[in-house]
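To start, the structure itself, in structure tokens.
Read the figures in this text as sums done on the coordinates, not as results from a lab. These figures come from a predicted structure and were not determined experimentally. No Cβ is skipped: glycine too gets one built from the backbone with ideal geometry, and neighbour counts run over all protein chains shown.
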2 protein chains.
Amino acid sequence: MKWDELEEEPCSLARTVAVIGDRWSLLILRECFLRKRRFEAFQSALGITRHLLAERLKKLVRLGVLRRIPYQESPKRYEYILTQKGLDLYPVIMSIVHWGDTHMVDSRGRPLLHEHQNCGKMFDPVMVCSECGEPLLAKQVHVHPGPGARKVVAASSKPEKAG
Amino acid sequence: MKWDELEEEPCSLARTVAVIGDRWSLLILRECFLRKRRFEAFQSALGITRHLLAERLKKLVRLGVLRRIPYQESPKRYEYILTQKGLDLYPVIMSIVHWGDTHMVDSRGRPLLHEHQNCGKMFDPVMVCSECGEPLLAKQVHVHPGPGARKVVAASSKPEKAG
DNA sequence: ACATAAAGTTCTAAAATTGAACTGTCAATT
DNA sequence: AATTGACAGTTCAATTTTAGAACTTTATGT
């Protein structure tokens, strides 16, 4: 499967993986959420090659996650800021960071702590149900085909791709 | 940066990206959460090459996300099930799916709907603060260096990597 | 005896990534 | 006036990863 095909799968996970499912995109976005905006800042913070950084920034702009805006004329220079679509990736970033905090820390502990300005406390992110507010457990969730589901072929001899 | 180096970065996001930051791992885990357990099931559902599927399964087992257990003798066959560490990736999967549902659906709508057995309703996942229960917004979160942070070198001439 | 199934392994070709150097514009310094 | 340095990239060869297809092994069904 090619990257372009991934984007067309009838699966919201596959389509999102087409955007952020590589080694660098999430790290670039981490820097965006840490208020970095410029090519050199990304490059020196991450150690990514300039070639690939340029490619990834172009891709994230094309997909509407970042916006490229000039911050000076002559020579024209641009910086990259999160769009709303990009800002909406915050729960993805935070859930990934939280999993790392739980399962991948070394003996020294967490690299970063997060303070919620709303309540003033150090917190962990918790994923809850929009309807009842209870924390989500995988075992309590059942999936149903939605309007965009792949049609199930009755008595097909070939197994269907899951949606 | 190599994959091994990523795992050693003082950053929970980088370390998690070392586990799931490729095109296939998240898709394999999607299938795991959809109750798929076997090599052939993964392969036909995803269209991943057998070679790479074998590699990824080995990696996920080595990292403790999946466990490989025999389900029959002669010929010995194995299936792959989520460990607790793997189950804990559920919020990551769900936040990714939700972003895709919000920003990557076509005109037909969502491929899947999620029902919360706890309350019986179709829901969306919402990320809230563990301390005050309010939904998290990027702008309301400030980060502080934790015990595992990279030490900041005073007056360094080279920019530090962000943590 | 032959086909099928499961869970891989092996091989070559194609694609993506790395590393390092190079470009062009401008400001500041010698 | 010439040199240096910053910034935002681009270019290109070498390496690493991934894709695609065929093959292996053990056992069951017809």
For the pairs A:121/B:121; A:36/A:59; A:36/B:85; A:36/B:139; B:2/B:58; A:58/A:85, flag any whose C-alpha to C-alpha distance is greater than 21 Å. A:121/B:121; A:36/B:85
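Please average, across the residues of B:1-10, the number of beta carbons from any other chain that are within 10 Å of each residue's own beta carbon, and give a whole number. Don't jump to the answer; show the numbers that get you there.
Values: counts 7, 1, 1, 0, 1, 2, 1, 1, 6, 6.
Neighbouring Cβ atoms belonging to other protein chains average 3 per residue here.
Using only alpha-carbon positions, what ratio does the radius of gyration of the range A:84-147 give when scaled by 2.2 N^0.38 Å? Write out the running numbers ahead of the final one.
Working: Rg = 14.9 Å, N = 64, 2.2 N^0.38 = 10.7 Å.
Scaled against compact globular proteins, the figure is 1.39.
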For residue B:49, place a label point 7 Å out from Cα along the Cα→Cβ vector, do the same in each other copy, and report the separations in nm, one decimal, smallest first. 2.0
For Cα pairs less than 8 Å apart in space and 6+ apart in sequence, what is the mean separation divided by the residue count of chain B, i.e. the relative contact order in percent? 14 percent
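About the Cα centre, and with charges only on the beta carbon of Lys, Arg (+1) and Asp, Glu (-1), how big is the dipole of the protein assembly as shown? Nearest 20 debye, please.
Values: 52 positive and 38 negative charges, 171 e Å.
Around 820 debye, computed over the protein assembly as shown.
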Rounded to the nearest 500, the 222 nm mean residue ellipticity computed for the protein assembly as shown from DSSP H runs (n ≥ 4, each -39500 (n - 2.57)) alone is -11000 deg cm²/dmol
Let's see if you can work this out: charge +1 on each Lys and Arg Cβ, -1 on each Asp and Glu Cβ, no other charges. What is the dipole magnitude of the range A:61-123 about its Cα centre, in debye to the nearest 20? 260 debye
Distance from the range B:32-98 to the range A:67-82 (C-alpha centre basis), Å: 43 Å
For the peptides B:103-116, B:40-53, what is the packing order when you average, over each peptide's residues, the other Cβ atoms within 10 Å and list the highest mean first? B:103-116, B:40-53
If you add up the charges near residue B:114, with Lys and Arg at +1 and Asp and Glu at -1, over every other residue whose beta carbon is less than 10 angstrom from its beta carbon, what do you get? -1
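So if I place +1 on the C-beta of Lys and Arg and -1 on the C-beta of Asp and Glu, and nothing else carries charge, what would the dipole magnitude of chain A be about its Cα centre? I want it in debye, nearest 20. If you can, show how the numbers build up before the last one.
On the way: 26 positive and 19 negative charges, 120 e Å.
I would put it at about 580 debye.
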Would you kindly state how much longer the chain becomes between residue B:71 and residue B:38 on full extension, computed as 0.36 nm times their sequence separation minus their alpha carbon distance, in nm to one decimal? 10.9 nm
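Taking the convex hull of the Cα atoms, report for the protein assembly as shown its projected area averaged over all directions, in nm².
That works out to 19.6 nm².
For peptide A:81-93, compute the average count of partner chain beta-carbon atoms within 10 Å of each residue's beta-carbon.
Working: counts 0, 1, 1, 1, 4, 2, 3, 6, 5, 8, 14, 11, 5.
Across the residues of A:81-93, the mean count of other-chain Cβ atoms within 10 Å is 5.
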Using a label point 7 angstrom from Cα along Cα-to-C-beta, what distances in nm, from shortest up, separate residue B:2 from the other copies? 3.1
